[in-house]
Structures are given as structure tokens and as C-alpha cells.
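Taken together, the values in this text are just the output of simple stated rules run on the coordinates, not laboratory data. Owing to the predicted nature of the structure, the values given are computational and were not obtained by experimental measurement. In this analysis, Cβ positions are derived from the backbone assuming ideal geometry, glycine residues included, and neighbour counts consider all displayed protein chains.
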């Protein structure tokens, strides 16, 4: 049973990951990413990390990928990428070399059976009495209290960043010198009339 | 029969490698960003596996912080991408308006 | 049974000395040597150890709340003044911590072992507080000139400072990672802050993608170290590695290498420096100075902590890596800087080569090397923030120019400003009677003490090469002929723009809101706002004072608590 879940999860993870890096359409890539997330979910369940598995699905499949899809649709880039164009010359051999190195490394590692050499249960035992959630919670509010509190800073940054980046800037009259305003207006007019003469009059009376 | 833990770790390593390779090969920023998410997921799987092998709750708690950071990173990254590439959309909208006269 | 959170040890020092005699009850946890019972949420919090972080956090939140109640167009200059005030309080807190700690030696982990309260971290807290004050003061006039003023930039600055402080104090790899991300994510936004400049957006995007990549590498390294040692806390990792010899240490070494790569990216060490020139060039100029000062200092603080406190037993393995990085960074930084035509790009390569000297101090893995590196980092922030403040003044509206021609004839037009710039340039070149000379001297001395004569020779050669381009800028300032400026390079994308695409080119629309106003600097003297003038005066004075007296190196020596 263990093996079956592992193999299904691994197949989903690898299919999804290869899909993300090989498919041309960003929407398909995002859907493949969901596939990988579900594979990770299975592997978490298989290892007894029930709570993290749930969080994994809620945060990644429920929020992150949706955000990706939203941005893809918003920008209207749901079309094929012109692959091959604008590629740095040495990048593909470099990437292939890197991939080969990683493969050899993994094969070498798979022959080693000494992944874990650390002292066990240094911040508290995972097995034993009590639920997974209770143990995580207690550790989070004791040993990891400070990092937990400081994630608040991360969320403040995310809010401020979203406001800064998505707000449209409206220069008020006070921000620009009269000369700059005049110059700006003229440059717009010349640019507009160059592109389409019928538009030239539209910026004559700016709203200030 | 239980799956040896090394299998999970190798799976995570392969996933991490795929993500890193994808980041270097692809040129679409959104897809590059997805590749970073793949790498972070590989790290999560590694943490959970080590936590089980060490019988240590710390590894699972670490995954929390990776999740929070990943979520914040997505918000900030996508807002930078939107701010950068929205100009094109604005220009397109103007063109449509201009054609109507 | 869940007990309420006890705020024991309020402004009192936690005493983890009893950690050795503590055995964890089944289902309980070990926290600072205290053993919690199963279900207990009892943790002593030593608030005195996080005063600057608390001050900055509360300050940022109060400012956000104020911005909601104050009228939309509040007094210009209110937010930078408040930010500088918050920075000053944080500085005062850090100075108090310095005296509170006294000379009593070794680092003590507090608050669940997540941070250290020692003089090493307090030096960085002082440094980062000063960088916040200087950053806020020098950004104000720039942001107003570009029509970008508002509270957001200052909130991001305070937040990135919080991240940097947590990195400097970090007692575990997870705290280090979280600090790194808090700092970096805020800096990504600051790089992209000039919304109407295409270059700024590209800088932010490039910084973001490559920064996230390096964070992922760092994090995988953390996971591997965790597997190999069973903990993410520096103290426990160090103890484990002292007490146990790992027969197959491939996982540990892999983790160490990935952690070095991740932090090497943040400090812009070669070969992880590719982002630096583009990001430094594209970011708003005062933010570039702030970024160069804070990110570098915090990144090095993290490297020192990981490599000496957690992996001190692995010196034989990491010293050659850092040695190689130092040589490459020194060489490539100095040589590439000569070829640059853009001032900001040139300063980016210059800052890369400066990181090389700190790496020389780091790889010595000795008290001398560490205090040299600390002295280097502490004096460098005054130089780099000052340099970018001067460049920001000269560029003209919309960052119209930043080529070398912009500085030509400055000595004739504005002798005082040129004199200040000259001090900064000489300090970076390492001329005697400036802080830069002593800084280079101390790190090279540390290399010589470890018998690394070749490294010392390479460092001196790199200094000689670098002196060439600093002096070239200096000569340009005092050249007599302010030649007719050529056609202005208007919003030219960086050399390899278009590497990151969405399949469509970002183009400036004809829409009034998004158009960048480009106004080249006038031929006459540029006005120097009072705040920027104060920053420049203090920086120049400190740079000379630290070069002729020994107070700064004494400060750095007392902060060397890692050995």
C-alpha cells in the first residue's frame, strides 16, 4: 500500500514537473503545477504529515496557482511562447550540462544510504502520544515563537508591495513644475499627432 | 512493506533538479517563477522526510515557514510582473479607443 | 493542559546556562535549555535582545496607522523624518544593548534558540540603524523629484531593515532564511519602485527571479544540513559536529555548499554576481546605496554566523571555497569596473570587488580576519550610501543621465560636493588617511597572519587595479573642460534587456500617468537639499575620522565575539 501511494505520488510529481518546464502554454504549465502539488500532498500523507498535507493543498493549489492563472489571464499571455527566440547562446548547453551534473549526483547519492546522520528528536519527538497538529502547534509557539511572529513582517511587505506595484500613479499639479507640465503636454501632443493626427486635439485641455 | 526514506529524498532531489533546469531553460517569467515553486516544493518534501527519519518535529515546523515565504513571494513577484507588463495592456486599450475615434 | 504564555524574563537576561542538565520529558520540548512540559506554551522571552527589531516594527506599524488617518497629501518630508526618527530610536536601543552586554564574551542564544544576543550582532544592528537613517534622508529629495513620494517606500525600507537585523542576530538557519526573505522581498519592490522607468521594473524583476532562485538553493542547503545534523540551530549543529564525526559527510557538504551559494548571491560575490550591475543600475539611486549597504552587511553577517558558529569544525572544507570566491571576486570586480561607462554600473562592479576584501577576512577564519571584515563592512556603508547620494543628486529628473560625463567639471561647479565625492572615491580606492585604507590593511594582515601570502598579493594587486578607475572618476571631476554634453541616452534598456519576457515587449504607453519625465541636469550647480547635505557631511567626516583614529577598529575588535 505504501509503495502504491508512493509510486502514484512520484508519477504525479514528475509528470507535473516535466509538464511545467516542457509545455509551451503558460496556462498548461500552471495546471501541471497543480498536478505536482497533489503528488506532494500524497507523499506528505504517506509520511504521516497530515496537517502539512492539508495546508499544502490549501495554500498552493488553492491560492498560489489560482493567483498564477489570474495573472496569466489578466495579462493575456495565455499563448505559446516563441521558444528559441531571444535565447542566450550559451544557455542551453549550460542548462543541459547542469542537468547532467545533477543526474550523476543523484545517481551517486542513491547508492549512498547515509542521508540522515543527525541526532534524533532535537526539538521534540514527532512520534508518540498526541496528535500531529498539537505537536506542531506547541513547537511553533515555543521554540519557533520569534520566527512565527516575524512572518507578520513578511505579510506587511506583501500588502505594501501589492499596493505600490498595482496603483496607478497620478501626478498632481503640485508634483510637477509648470514648465515640466507644459513640456510633458507638448511631448504628448507631438507623439500623438505623429501617430494619429485625429487625436492631436485631445490633450489640449488637461484636467488639473 | 514500507518505502525506504531514501526514495523520497531522491524524488525530492529530482524535482529540485527539474525546477532548477527549467528556470535556466525557460524565458517566460511566469513559468520561471513556477519553476521556483517546484524547487520550494522539493525542499518541503525533503524537510518532511528528514523530520520522519529523525523523529523530530522541527522539520515539519520548518515547512510552515517555507509555505509562508512562498506565499508572500508569489504576491510580490506577481505584482512586480503585473506592474511591468500592464503597460502593454494599457497601450492596447488606448489603440482600441483611438480607432473608434 | 495549555498554559498562558508567560512573559518571563521581561527585560531580563535569559539564563540558558542550565541547558546541559536538561532532559526533555516525553512529549515536551527543549527551549533555551528550559524543558517545557507536554502541552505547555511556556517560553522565556528576553525582550532586551530584540529592542531594535521591536522599535522598527512598531515604528513601521504606527506610521502605517498614521498614514490612514492623516490627510492624503500630508506635509512633504513627514515620512522620511519619521523614518529617520524611528531609525534613531533603534540606533539608541542598539547602543544601549552594546553597553548592556559589556565585554562578557560568548554568544547566548535566546528566544527559543532562534537569535543570538552578542556584540557581533549589535554591531550590525547599529550599522543597519544608521543605514536606515541615511537611506531615509537621502531618498526624500530624490523621491520628490521623481514624483514618487509617499509612505510606502519608507515602510519597505524599515521592513527590509528588520529582515537584515534578524539575519545578523539569527541563531538558527530558519531564522536566517526568514530574515533573508523579509529583507530581500522588500528590496525587490524597492528596486522596481520607479514605476515609470522601464529599467527600474526590469531591475526589480531580474532581482526577484534570481533572488528567489538563490533563496531556493539556500533553503535546500538548509534542509540537507538539517538531515545531516538533526537541527537547524547553529549552537546544536556546532555541538553535534564537535561531538560526532560523520563518516559519510556528502549530505552535510552539499548543504554547506548550497548555503554558501545562497548567501554569496546576496553579498554579490563572483560567480554569483550577475544580477548586480543590472539591478544597481536600474534601481532608484538612493535605494541602490541603501541596498548595497544593508544587503551586503546582512549577507556577510549570515555567512559569518553559519560558517563559524555552526560549521566551525568544517573549516578545512569551506575555507578553500571562500578563498576561491575571494580571488574571483577581487579580480573580476576590479577588472570589469574599468570597462564601464555608466557611473552606477561602475559602482556596482566596485561594490563587487569590495565584497572580495570582506571574503578575504572571512576565509582567514580568525579573530583578526573577523574584526577586519567587521571594520570593512561598518565603514563601507558610509562610503557607499554617500557615493550613491551624490550620483542621485547629479542625475537630473527621471535619472536622465548617469554616464561618466555627468560628473565632469564638478570640481569647478561645486567644489564642496566634489570634495565630498573625492573622499568617498579615495576611501574606496584605499588611499591612506581614509577608512578604506585601514579596512584593506586589516583584512590583508589577517591573510598574512594565516600565511596566505598569495592571497595578500592578489588583494593588493586588485586594489592597485581598482585605484585606476577611482582616480579616473576623480580626475574627471577636476578636468577643466565641461565639454558639451552629447546626445542624451534616454531610457536605454540595459545591455541584455529582453532576456526575461512574457512574449511581449514592455513598452511605454502614451498615457499621461505612465510617462516618465526626463529632465537632464542643468549645466549649473545642482541644489543640495539639507538632508542629503547632512548625510554627506557626516559620511565624509566619519570616513576620514575612521581612517586617522583607532576608535572604529577598537569597536570592531570588541564586536568580534565569534572566536
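Does the stretch A:1-80 come out rounded, prolate or oblate, given a ≥ b ≥ c as the square roots of the eigenvalues of its C-alpha gyration tensor, rounded meaning a/c under 1.5 and, failing that, prolate meaning a/b above b/c? Verdict is oblate for the stretch A:1-80.
Over all orientations, the stretch B:5-100 has a Cα convex hull whose mean projected area works out to 7.6 square nanometres.
By the count of neighbouring beta-carbon atoms within 10 Å, fewest first, C:103, C:370 end up ordered C:103, C:370. Using only alpha-carbon positions in the stretch C:411-460, the gyration tensor eigenvalues give semi-axes of 32, 9, 5 Å once each is multiplied by 5 and square-rooted (largest first). Kirkwood hydrodynamic radius computed over the stretch C:367-449 comes to 14.1 Å, based on all pairs of distinct alpha carbons.
FRET efficiency for the residue C:548 to residue C:314 pair, using the beta carbon distance and R₀ = 35 Å, is estimated at 0.35. Each of C:208, B:64, A:68 has some number of other Cβ atoms within 10 Å of its Cβ, and from fewest to most they run B:64, A:68, C:208.
Classify the stretch C:280-364 as rounded, prolate or oblate from the Cα gyration tensor: take a ≥ b ≥ c as the square roots of its eigenvalues, call it rounded if a/c is under 1.5, otherwise prolate when a/b beats b/c and oblate if not. Judged from the Cα gyration tensor, the stretch C:280-364 comes out oblate (a/c at least 1.5, b/c at or above a/b).
Centre-to-centre separation between the Cα atoms of the stretch B:30-53 and those of the stretch C:200-266: 14 Å. The fewest-to-most ranking of C:287, C:437 by surrounding Cβ atoms within 10 Å reads C:437, C:287. Across the stretch B:5-100, Cα pairs under 8 Å and at least six residues apart give a relative contact order of 23 percent.
Protection proxy ranking of C:441-447, C:388-394, by the mean of other Cβ atoms within 10 Å over each peptide's residues and highest first, is C:388-394, C:441-447.
Extension gain for residue C:412 to residue C:274 (0.36 nm times residue separation, less C-alpha to C-alpha distance): 46.0 nm. Counting Cβ atoms of other protein chains within 10 Å of each Cβ in A:123-134 and taking the mean gives 6. In terms of Cα atoms, the Rg and Dmax of the stretch C:217-346 work out to 16.8, 54 Å.
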